[in-house]
Each structure stands twice: as structure tokens, then as C-alpha cells.
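Read the figures in this text as sums done on the coordinates, not as results from a lab. Keep in mind the model is a prediction, meaning the values are calculated, not measured. Note that we place each Cβ from the backbone using ideal geometry, even for glycine, and neighbour counts take in every protein chain shown.
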Amino acid sequence: MLSVSLAGIKLENPLMLASGILDQNGYTMKRILEKGAGAAVTKSIGKEPRSGYVPPIVSVIEGGLINAVGLSNPGIRNISGEIKIAKESNKPVIGSIFGATPDEFLSLAASMQDFGVDAVELNLSCPHVKGVGTEVGSDPSLVKEIVKTLKGSLRIPVFSKLSPNVNSVLEIANAAIDSDGLVLINTVKGMAIDVYARRPVLSNGFGGLSGPAIRPVGIRYVYEVKKELDPLIIGVGGIENGIHAIEYFMAGASAVQIGTALMKYGCQIFSNISREIGEFMKAEGFQELDQMVGAGIL
């Protein structure tokens, strides 16, 4: 009843571990998959190891958290072993990558494909690192070229993760429309001030806001892009229970990713939400998950 196919990738349920949360270590990803996640997305990986920003890099606030980790990662040459361990779960693993040019994305994606991932997710939306992320993902012509380059060279699906921090999400979504699916949304650019220290809380100044505070934003963008362009969409942002996930489905998402909520609810959140979705479907007369996708679009 909860199984879903995303560009040919079979998931036993539509709940995925979002990139950036407990996903740099293979054993942690494997544990989360065994605890009920339908798939896992790795930490965003670049060409070379990156240490990221100095602490403080996370601020817990009412409604979620703000982070500016700085895309810290071990580099593409050091992630293959972690993917191999995660794949022992016999569930899909998606490799998240970031870069500055089409060739850089292609090199990273080809390596991920060689490592055995089931798909790649293009991080076109990190809001707090110069030269990559949103700076790449706000240029429609560059986004279109990146997607075209990868789609013409890879055997595995390509998902594009887009930013709410751009002038027109629809324009960027249209530029990335040849992806096998769009991931909406990444974090919203935000900031917190320590009023006693009289300075920003995070070392980088601003960061990305995630958690329940951004759920209405994520639902809005999923709804808008699905209604206007009708791509396959994976929804992200502020999901903590089954009703939250169902909101995303009815806005047009075929699956959802969960990240910040693990901090509050632990790995059990995936099995809990799966149960809640199943209970809702039974009570409301839905036989298949697909029947809910886009059901709320006017």
C-alpha cells in the first residue's frame, strides 16, 4: 500500500532520509534504513575533502534549527566505503553531490554511479557556501546545462534539489525539468542574533533554516511546481508526522524526505509516520499512495 516507484527506483515506503542528517557514515545510514526509512540520501559530496565552517554551526530555535555547516564532507574518493555499507540494507541509496560546473557535476555523478548508488541528487540549493549551491542553482541556463550533461551520460536517475532562496522557483524548476525528479525544498536562508554578545549566533552569520517553520513554504512550492509543470516531486521541509507527509503528497509530492525531525524523534520516526499514513489511507478510503498525489491541487 505504501510502496512507490521513483524513476524506476522501488521504495517500500515513500519516506527518505534527507541529505545532511546522519548520512556521512555508512553504518548510520544502514541503521536508519533498517529502522524504517524507504531510502537514504548521502551527505552532499564534493571533489575534495572540505572541513566546513568553524563552530558554532548550528542554532536550535523555536520551530526548527539554523545551520551553516559549510558543506563539510570527506570528498568523493573517501565515500565509496560508506555507500557500500549503507547498501547492505538492500534499500536504495542516493548520492548527493555539489559542484560549480557541468563537468564537475558529471565527474562526481559518474563516481557515485561507479560506487553503486541508485540515483544522484544534485545539490543546487545550499544557501550558505559561495560558488556552489544556490549560486549555481539560481542560474537557469547553468542548471539546464548541468542536467542535460548528466542525463546524457549516466545510467541512473538524476534528481535536482532546488532552493526557495531564488527569485523564481518555477523558472529554475523549468530549467531542471529534464531531471528524473525535483526535490523541493532545501533550507530557507535565515539568521539568529545573540543579543548579549551582540553578534550573529553562527560563525558564518547566516545559515539555512529547517524544521516545522518552513513546512508551509515547502508545501507551497511543491504545489506550485506540480500544478504548473507536473514533474515527479520529492517533498522536503518540516515533516514530523503522517499528516505532514500527506500534506506534501496532496500538494503533489510522490515521496518525502525527513531530516531535522530525527533530532527530536529519533530513527523511529520513519516507522511511526509509515503507520500513520497507512491508518489515514484506510480511514479515508485510499487504496494506493498514488491516489493521494496531487489530490489537494485545485
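Here the range 90-171 is described by how far its Cα atoms reach on the three principal axes: 39, 24, 23 Å, from widest to narrowest. Across every pair of non-identical alpha carbons in the range 10-87, the mean reciprocal distance, once inverted, gives a Kirkwood radius of 13.6 Å. For the listed residue pairs Lys84/Lys227; Lys10/Lys151; Lys161/Lys189; Lys87/Lys151, the alpha carbons are over 26 angstrom apart in Lys84/Lys227. The amide H of Leu202, built 1.01 Å from its N in the peptide plane, has Ala192 as neighbours under 5 Å, considering only residues 5 or more places off or on other chains. With one equal scatterer per alpha carbon and no solvent term, the Debye-computed log10 I(q)/I(0) for the chain at 0.07, 0.16 1/Å reads -0.23, -1.33. Which residues in the range 30-58 place their backbone N less than 13 Å from a point set 7 Å from the Cα of Asp194 along the Cα-to-Cβ direction? Answer for the range 30-58: 55-58.
Where is the GNM fluctuation largest for the chain (alpha-carbon springs, 10 angstrom cutoff): Ile146, Ile172, Ile85? Largest GNM mean-square fluctuation: Ile85. Using DSSP to define loop residues, name the chymotrypsin sites (Phe, Trp or Tyr not before Pro) in the range 190-298 whose beta-carbon has at most 10 other beta-carbon atoms within 10 Å. Within the range 190-298, the qualifying chymotrypsin sites (Phe, Trp or Tyr not before Pro) (loop, at most 10 other Cβ atoms within 10 Å) are Tyr196.
Distance between the 7 Å Cα→Cβ label points at Ile85 and Ser271: 2.2 nm. Maximal additional length on extending the Asp103-Val54 stretch stands at 14.7 nm, based on 0.36 nm per residue less the C-alpha distance. Take the Cα of Ser203, go 7 Å toward its beta carbon, and the backbone nitrogen atoms of the range 59-87 under 12 Å from that spot belong to 68-72. Compared with the direct C-alpha span, the chain from Glu34 to Glu171 gains 45.5 nm at full extension, assuming 0.36 nm per residue.
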